[in-house]
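This report refers to the structure that appears directly beneath it.
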Amino acid sequence: MTRFFRRAGLFCLLLFWTTTTVFSAVEPVPGTLTVHDSLTSPNQPATIEATLTQKGIPTGTGLGGEPIELLVAGKVVATAMTGGDGRAILSYTPKAKGALPFIVRVGVTSSVAGVEAGANLIVWERRSPMMAVEMTALMEDAEARRPMPDAAGELAKLTQFYYNVLYVVTQDKAAGSHDQVSAQARQWLKDQKFPVGHILVLPSGPEAFGKKLDELHAAGWKTLKLGVGRTKAFADAFLQRRLDAVMVPEPAKGEAPRKAKVAKEWKDVRKKM
């Protein structure tokens, strides 16, 4: 009988070791979660798209079947599962206007190591005036990413009581994915103390912003009537639609479209509007 119990005890111990080894071998998958800004109006649903990819793979492999949570003010307000491409679509309806920071994270039952990402839900009244600003027009040196003198202060004055601002960024594939470029722009604006606005990341090409202007107009954002930019293509997108365009800093001779207004520095921008 004693020998039987010894054998049973040895069997249980081996079973415990085996089970422990199996569970310890199931390592969490390293993942990267990205998200970008979303735009809506009060009491209208906003669509927030998060993307979960496997970390360490250059091209990024979407991780499907993983739970994603949306948090506003620290509370979970929506959940969704990622599809085969790693994307999860979450919906939330804000009540009041303003810039609403949010977090997306993997759920507790996910096989992915705990990751999260944040962005802003921009909630504007559709009747409020809007202006678009090309990000390069805010930089004195695009490579060093130094802000132009007075740009943050002047833009703060324009947005304090009147304009809502859209920041337009041209996507550089070398800088990362759409969401990564958006996150970099958001951090730079925050670090340089620019007012919070909605960040649009668009592909390069002369027609990209014109198409986006048409999309915004069709979606009911019809108060976007002014653009402040650095490039001819940006100014042309507004002028072709009979909207106002201001170029800053002053471009080289012959580079400004005929009807574009020109400001030498940001202190002059308000005078041109």
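Annotations
- Here Glu134, Glu255 are placed in order of increasing Cβ neighbour count within 10 Å, fewest first, which gives Glu255, Glu134.
- Compactness of the range 101-251 is given as radius of gyration and Dmax, 16.3, 55 Å, from Cα positions.
- A straight Cα-to-Cα reach below 20 Å connects Lys75 with the aspartates and glutamates Asp37, Glu49, Glu66, Glu116, residues fewer than 8 places away in its own chain not being considered.
- Candidates Asp150, Asp244, Asp191: whichever shows maximal mean-square fluctuation once the chain is modelled as a Gaussian network with Cα springs under 10 Å: Asp191
- Note on Arg146 and Gln54: their simple-model spin labels are 4.4 nm apart, each label 7 Å out from Cα toward Cβ.
- Among Ala218, Ala88, Ala263: highest mean-square fluctuation, GNM of the chain, C-alpha pairs under 10 Å: Ala218
- For Thr231, no residue has an amide H sitting under 5 Å from its own, ignoring neighbours fewer than 5 places away on the same chain, with H placed 1.01 Å from N.
- Crossing angle, helix 2-25 versus the chain [Cα axis fit, 0-90 degrees, rounded to tens]: 10 degrees
- Backbone N under 16 Å from the Lys211 label point (7 Å along Cα→Cβ), restricted to the range 148-190: 169-173, 178
- Table column - 3J(HN,Hα) (Hz), the range 177-187, Karplus curve with 6.51, -1.76, 1.60, x for Gly and Pro: 6, 3, 5, 5, 5, 4, 5, 5, 5, 4, 5
- Nonlocal amide H pairs with Gly31, under 5 Å, H built at 1.01 Å: Lys55, Ala113
- Anchor Lys264: lysines whose Cα lies under 21 Å away (excluding residues fewer than 8 positions away in-chain): Lys157, Lys232, Lys253, Lys272
- Extension gain, Gln240 back to Thr79 (0.36 nm per residue minus Cα-Cα distance, nm): 53.8 nm
- Order by protection proxy (mean Cβ within 10 Å, highest first), peptides 62-70, 229-237: 229-237, 62-70
- Sequence-ordered 3J(HN,Hα) estimates for the range 204-221 from the Karplus curve with 6.51, -1.76 and 1.60 and θ = phi - 60° stand at 6, x, x, 9, 4, 6, x, 5, 5, 4, 5, 5, 5, 5, 5, 7, x, 8 Hz, glycine and proline given as x.
- Model label sites at Ser204 and Thr109, defined 7 Å from Cα along the beta-carbon direction, differ in position by 4.5 nm.
- Calculated from the structure at hand, P(r) over Cα pairs in 10 Å bins from 0, in percent is found among (1) 6, 30, 36, 21, 6, 1; (2) 6, 25, 28, 18, 10, 4, 3, 3, 2, 1, 0; (3) 7, 33, 40, 18, 2, 0 as (2).
- Antiparallel %, DSSP beta bridges [both residues in the range 130-272], to 5: 10 percent
- Note on Leu71 and Ser91: the extension gain reaches 6.1 nm, defined as 0.36 nm multiplied by sequence separation minus the Cα-Cα distance.
- DSSP beta bridges in the chain [antiparallel fraction, %, rounded to 5]: 60 percent
- Residues whose amide H falls under 5 Å from that of Gln192, counting only those 5 or more places apart or on a different chain, are absent, with hydrogens built in the peptide plane.
- Spin-label model distance (nm) - Ala218 vs Ala252, 7 Å beyond Cα toward Cβ: 3.6 nm
Values in this text are rule-based calculations from the coordinates and carry no lab data. Small disclaimer: the values here were computed from a predicted structure and weren't measured. Counting neighbours? That spans all protein chains shown, and the Cβs are built from the backbone with ideal geometry, glycine included.
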